[in-house]
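Scroll down for the structure; my scribbles are underneath it.
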Amino acid sequence: MRNDDDSNASRLDMRGRPADIKSKREGDSVTIAVAGEIDLATSDQLDAAIRQAEETEINRIVVDLSALSFVDSTGLSVLLHAIKRTRRDGNRLSFVASKHEAVTRLLALTDTTEMFG
């Protein structure tokens, strides 16, 4: 049934909320703080932030997921690919774990909890 005002109120918004991704360099380390949701619409932003840090001579890259409230398979794939790249590049990537149930549940279901905490 169509609304008279042509609104899309009955449709679900599949774009997700914009992620808030901030990078901060301190000495020889970069922290990438991730808040909100990482999904199909926002995973490219996270990938770009991690790759930008990887292109530097920084010895330590920390991805802080503590404020991450949701991640889908696309976001998880970005994180897993980053881990794979860092293993070839000296293991300079580490994570601060999310405490949000949606994130911890996905990591438990995919048996990746230990990689991100």
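Here are the numbers:
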item	result
Antiparallel DSSP beta bridges within the chain, as percent of all bridges there, nearest 5	35
Helical contribution to [θ] at 222 nm, DSSP H n ≥ 4, -39,500 (n - 2.57), averaged over the chain, rounded to 500	-10000 deg cm²/dmol
Answer label, with volume of the Cα convex hull per residue in Å³ calculated from the coordinates and candidates (i) 114; (ii) 91; (iii) 80	(i)
Estimated FRET transfer efficiency when R0 is 35 angstrom, pair T113-E55 (beta carbons, to 0.05)	0.75
At R0 = 35 Å, FRET efficiency that the Cβ-Cβ distance of K24 and R105 yields, to 0.05	0.75
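Each value in this text was obtained by applying a stated rule to the coordinates, not by laboratory testing. What you see is a predicted model, and the numbers here were worked out from it, not measured in a lab. Positions of Cβ are backbone-derived with ideal geometry, glycine not excepted, and every protein chain shown enters the neighbour counts.
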